[in-house]
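As C-alpha cells, the structure follows; a few thoughts come after it.
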Amino acid sequence: MANSRIPVISFVAKSGSGKTTLLEKVIRKLKEDGIRLAVIKHDAHEFDIDKPGKDTWRMAQAGADIVAISSPKKMAIIEKVNKEKTVDEVIAMISNVDLILTEGFKKGNKPKIEVLRSEVNRELLSDSRELLAIASDIEWDVGVPYYHLDDTDGIVAAIKQYMSNFPQ
C-alpha cells in the first residue's frame, strides 16, 4: 500500500528527451524552497549499487536477503527481490518527506509531467487525463498546462500548486 499522505508526481518521457536534466533542475529549485523530497528512479534493466569485494557485497553473496549500510551522512538498503516492486510498494517504504518524484514509471498511476523533445518524440505517451503538465520544446494544446523545457520556475510552481491542493 502506497504512502497516501505524500504527494507523488511522475516525470515520464522517451529516452533522450531530457527528463533527467529537467528533473535535476526541478529538484534544485524545490530544495531551495525548503522542500524535503525523495526521488524514485525506475530502471528497466538490472543494476547493482554494491561493489564486489566490499563488506555489503560479501554479506549478500553469503546469502543475506537484505543488506543495509548506514553512516552519519547516508544510508542504503539493498534487497534481493523475486519480482520488481510496484511504484506503490516503493513509495510505502518512504517517509519523512514533503514530496516524492518518480522518473520513468510511464505505466504508473500517479499524476505525470510528460517531457517531450521534438527531435525525439512528437506523440504523448500518456493519456492527457493522467497529466499534470507537459514540458516540451514545442507548444502543446491538449487541455493541460504546457511549459517550455527551460521554464523550471513554471514547472516548480505547478508542482507546488499540486502539493498545496493535496489532501492531508
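Each value in this text was obtained by applying a stated rule to the coordinates, not by laboratory testing. All values reported here derive from a predicted model rather than from experimental measurement. Note: ideal-geometry Cβ built from the backbone for every residue, glycine included; neighbour counts use all protein chains shown.
What to note about this one:
- Under 15 Å, Cβ to Cβ, from residue 33 - net charge with Lys/Arg +1 and Asp/Glu -1: +3
- Taking the C-alpha atoms of the range 91-168, convex hull volume expressed per residue in Å³: 112 Å³
- Here the dipole of the range 1-147 is about 380 debye; that uses its Cα centre as origin and unit charges on the Cβ of Lys and Arg (positive) and Asp and Glu (negative).
- Computed over the chain, the convex hull of the alpha-carbon atoms projects to a mean area of 11.4 nm².
- Choice from 158, 13, 68 with maximal GNM fluctuation in the chain (Cα, 10 Å cutoff): 68
- One Cα centroid belongs to the range 108-168, the other to the range 88-104; the line between them spans 19 Å.
- Computed extension gain for residue 109 through residue 25, at 0.36 nm per residue and net of the alpha carbon distance, reaches 27.9 nm.
- Dipole of the range 116-168 [Lys/Arg +1, Asp/Glu -1 at C-beta], most positive-end residue of 124, 143, 161: 161
- The distance from the alpha carbon centre of the range 28-43 to that of the range 55-82 is 24 Å, rounded to a whole number.
- Computed [θ] at 222 nm, deg cm²/dmol, the chain (DSSP H ≥ 4; -39,500 (n - 2.57); rounded to nearest 500): -7000 deg cm²/dmol
- Taking Cα atoms only, the orientation of helix 19-32 departs from the longest principal axis of the chain by about 90 degrees.
- Theoretical FRET efficiency, 1/(1+(r/R0)^6), r = Cβ-Cβ of residue 128 and residue 70, R0 41 Å, to 0.05: 0.40
- Counting beta carbons within 10 Å around each of 147, 162 and listing the fewest first gives the order 162, 147.
- Tilt relative to the chain, helix 152-165 - C-alpha long axis, 0 to 90 degrees, to 10: 80 degrees
- In a simple Cβ point-charge model (Lys, Arg +1; Asp, Glu -1; nothing else charged), the range 62-168 has a dipole of about 520 debye relative to its Cα centre.
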